[in-house]
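Structure record follows, encoded as structure tokens.
The values are calculated or read from the model by the stated rules, or taken from the named source; none is laboratory data. The model shown is predicted, which means the values in this text are computed figures rather than measured ones. Virtual Cβ from ideal backbone geometry, glycine too; neighbours counted across all protein chains shown. Ligands, DNA and RNA are excluded from the accessible area calculation, which covers all protein heavy atoms including side chains. Shrake-Rupley method; radii C 1.70, N 1.55, O 1.52, S 1.80 Å.
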Amino acid sequence: MLLSIPEVLTPEQVTESRRLLDSAEWVDGRITAGHQSALAKENMQLREDDPAARHVGELILEALERNRLFTSAALPLKVFPPLFNRYSGGQSFGTHVDNAIRQVRGTPHRVRTDLSATLFLAGPDEYDGGELVIEDVFGVHSVKLPAGHMILYPSSSLHHVQQVTRGARVASFFWIQSMVRDDSHRTILLDLDVAIERINCDMPGHASAVQLTGVYHNLLRQWADV
Ligand code: NI
């Protein structure tokens, strides 16, 4: 599934994040690229141990922990520490797939990339181009969201970032290992969760809500690995 999650960060958090990130030291983005994607990649990134990256990364992880839609859609087991990129002056990232396994630098921890996330930290009025273009079985999707909003998509999809022809596109990107590996299973669980929530809202106390919650947990028990 391709899912847009609004207002992961508040406008105040975006402003504070940009203040820290804009004055940090940006380096060539190929530092985190695999062999194949290094050929297609042209952008700037912060080092993983950069203090600004770590600080804003923590802010994002805390916000995600409180975000109900993210939790319900991703069913996260592990979240890779957020990375940061910046595209300007005609930079782009050609069509690629994300590596299946990411090692968290300086640790023994590995994350299987089930879901990819891009959290936009620049508003659409700040730059031209820079759309994240994702290909899936339903076609080609072009994504450019307000600052503070995030797109979640299966890491198995081919994707690219269009050339930025004006201004700068600043974003955070990272990966999630889900408790539920299969995207179609996660989609069913999210649909069911949303439906149960709707029943609870429209018909509080309805017996079907309890029964359907039972179905939800029984499916989760079948499909989840923790
Ligand atoms: Ni990618």
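Hey, S23 hits all of (1) farther than 29 Å from D225 by Cα; (2) touching a strand residue (DSSP E or B) at 6+ places or on another chain (Cβ under 6 Å); (3) modelled with pLDDT of 95 or more; (4) not charged (D, E, K, R) but one; which does it fall short on?
Just one mismatch for S23, condition (2).
Need the failing condition index for H160 against (1) more than 16 Å from the ligand (Cβ to nearest atom); (2) of a type outside the set (D, E); (3) not in a loop (DSSP other than H, G, I, E, B), just the number.
Single failed check for H160: (1).
Let's see how each residue does on (1) among the hydrophobic types (A, V, I, L, M, F, W, C); (2) touching a residue at least 60 places away in the same chain (Cβ under 8 Å); (3) in the same structural domain as Q13 (by TED's automatic domain parsing):
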position	(1), (2), (3)
V79	yes, yes, yes
G90	no, yes, yes
P108	no, no, yes
T113	no, yes, yes
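Enumerate the strands (runs of 3 or more DSSP E) found wholly within region 38-102, keeping only those where 2 or more residues are aliphatic (A, V, I, L, M) and buried (at least 17 other Cβ atoms within 10 Å of the Cβ). Explain how you work it out, then say what you get.
Values: elements: 44-46, 76-79, 83-88, 92-96.
In region 38-102, the matching strands (runs of 3 or more DSSP E) lie at 44-46, 76-79.
Could you tell me whether any residue of region 129-138 is in contact with a Lys or Arg (Cβ under 8 Å, 6 or more places away or on another chain), open to solvent by 10 Å² or more (accessible area, probe 1.4 Å) and within 25 Å of D50 (Cα to Cα)?
The answer is no, given that none of the residues of region 129-138 is in contact with a Lys or Arg (Cβ under 8 Å, 6 or more places away or on another chain), open to solvent by 10 Å² or more (accessible area, probe 1.4 Å) and within 25 Å of D50 (Cα to Cα).
Which of the following residues is at negative phi, within 15 Å of the chain's Cα centre (by Cα) and surrounded by fewer than 22 Cβ atoms within 10 Å (Cβ to Cβ): S178, S157, S184?
Testing whether each residue is at negative phi, within 15 Å of the chain's Cα centre (by Cα) and surrounded by fewer than 22 Cβ atoms within 10 Å (Cβ to Cβ) leaves just S157.
Can we say S172 is surrounded by 20 or more Cβ atoms within 10 Å (Cβ to Cβ) and either at pLDDT 95 or above or more than 13 Å from the ligand (Cβ to nearest atom) (or both)? Outline the logic, then answer.
Working: surrounded by 20 or more Cβ atoms within 10 Å (Cβ to Cβ): yes; either at pLDDT 95 or above or more than 13 Å from the ligand (Cβ to nearest atom) (or both): yes.
Here the answer is yes, as S172 does meet what is asked.
In region 74-129, what residues are small (G, A, S), modelled with pLDDT of 95 or more and either closer than 23 Å to S184 by Cβ or away from the ligand (no atom under 14 Å from the Cβ) (or both)?
Those that are small (G, A, S), modelled with pLDDT of 95 or more and either closer than 23 Å to S184 by Cβ or away from the ligand (no atom under 14 Å from the Cβ) (or both): A74, S88, G89, G90, A100, S116, A117, A122, G123, G129.
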